[in-house]
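Read through the structure below, which is laid out as structure tokens, and then see the notes.
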Amino acid sequence: MSADPLSSHRWLSIVGIGEDGRSGLAPAAAAALDGAQVVYGGRRHLALAAPLDAETRTWPRPIHDAYPEILARRGRPTCILATGDPFHYGIGAEIARLVPPAEIRTFPQPSAFSLACVRLGWPLAECGLVTLHGRALARIVPHIQPGARLLVLSWDGSTPSALATLLAERGFGASIITVLEAMGGPRERVRSGRADGFDLETIDPLNTVAIAVAGAGQALPLAPGLDDGLFENDGQLTKAEIRALTLAALRPHPGQHLWDVGAGAGSIAIEWMLRHPSLRATAIEARPDRAQRILRNAQALGVPDLSVVTGAAPAALAGLAAPDAIFIGGGVSEAGVLADTLASLRPGGRCVANAVTLQGEAALLAAFAQHGGSLRRFSVDRASPVGGMHGWRPAMPVTQWAWTKP
């Protein structure tokens, strides 16, 4: 095999290391580690890689404080130790944003997810992969689907028990939870139990959780238009049918950021984020009690990273990062709201505004006349009791304006 033509430029090595330490490293990875002048890593990583002739530096807190120091070493042999596969929920991707990939050599080992699948005989491609390391427990909620197999990176030894409690509370107590501790090393241990009877103790902080979801609980459907009853609200709520149509009109794409202006219960922002894990949203709500309600809804429905700004538009929009999409569900007729939100929208961004009042409809008609776009009117009738029988009861019609910024 010919030599790597870029090897002389690859001054930074990222070495994945497992619980078996040096004995599990490939010769090339060991050579990169031994050839470094400085080795960065956590205390556990550095201990697993011992003995080391190089200078060792433990990660500071926060870890990014070390990045300028690493960049200052450009051109000199430097090594970073990571767990398993550095580019699977690891430090690799973050470092690659700072250092050109042509200057990096990476030596991955099997990830915790791969090791767990080997132990359980699960096909990795068919499992839901979630990390709760440094992240809110509620992020698991959208992944809890009947029959799903989930692999979860834990924050510490308390995560498995917290997951068991959450599953049982949501009606999935029959789920089997398997805790895989310190995989690949002498301390490895694999234990299982039902969520509703979970009693495992003294769980190693280094653990991965496998969940075989079972039970008759209520899972969040994958389609937009969640049942209205799932949202705590005071009546200020975009109803399920209109919500589904609104999400379709917003046309979300991965990585985009939504402003939900006049958010009410936060249902549009929440359902936007549920469409894809990379989607972000900021809910802007004037009333503090409703803003707190939005936070509770976001937590309950599995999008705890939803940002909530308490204040009235347009003043509350000042200083916010420019959005890729905007939904205006309240206050569309207020002076300056529509003009200021459209001015903030990125080129190519999408705005959708709904109105039920005559004043709001007039504002949307004016926007349509000025900017173009599409204008639609929706009416939903629902069957309701009429004496001992049923009849149609119409909801207030909704006028919707949708527009893509040139």
(message) Once you keep just the Cα pairs under 8 angstrom separated by 6 or more residues, what percentage relative contact order results for region 253-393?
(response) 20
(request) Quick one: which residues, 5 or more positions from G42 or on another chain, have an amide H under 5 Å from its amide H? H modelled 1.01 Å from N in the peptide plane, none for Pro or chain starts. (result) W59
(request) Using +1 at the Cβ of each Lys and Arg and -1 at the Cβ of each Asp and Glu in region 240-349, identify which of Q256, L274, A325 lies farthest towards the dipole's positive end. (result) L274
(request) Measure nothing but the geometry: give the 0 to 90° angle between the long axis through the Cα atoms of 358-371 and the longest principal axis through the Cα atoms of the chain, rounded to 10°. (result) 70
(request) Pairs of Cα atoms under 8 Å, at least six residues apart: use those to get the relative contact order of the chain, whole percent. (result) 10
(message) Within 10 Å, at most 13 other Cβ atoms, and a DSSP state outside H, G, I, E, B define an exposed site. Report the longest part of the chain free of exposed trypsin sites (Lys or Arg not before Pro).
(response) 188-406
(request) Would you grab the residues whose amide H sits under 5 Å from the one on V309? Only those 5+ places off in sequence or on another chain, please, with H modelled 1.01 Å from N. (result) A283, I284, E285
(request) Just grab the label-to-label distance for V356 and E201, each label 7 Å out from Cα along the Cβ direction, in nm (one decimal). (result) 5.4
(request) Sum -39500 (n - 2.57) across every DSSP H segment of at least 4 residues in the chain, then divide by the residue count to get the 222 nm mean residue ellipticity, nearest 500. (result) -7000 deg cm²/dmol
(request) Apply 1/(1 + (r/R0)^6) to the Cβ-Cβ distance of Y67 and D156, taking R0 = 25 Å, and write down the FRET efficiency to the nearest 0.05. (result) 0.50
(message) Per residue of region 146-155, what does 6.51 cos²θ - 1.76 cosθ + 1.60 with θ = phi - 60° give for ³J(HN,Hα)? Whole Hz please, x for Gly and Pro, Karplus curve as stated.
(response) x, x, 6, 10, 10, 10, 10, 7, 7, 7
(message) Take A28 and D305, extend 7 Å from each Cα along the Cα→Cβ direction, and tell me the distance between the two endpoints in nm.
(response) 3.2
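Readers should treat all values here as calculations from the given coordinates under stated rules, not as data from a laboratory. Please read these numbers as outputs of a predicted model, since none were measured by experiment. Cβ sites come from the backbone with ideal geometry, for glycine too, and all protein chains shown count toward neighbours.
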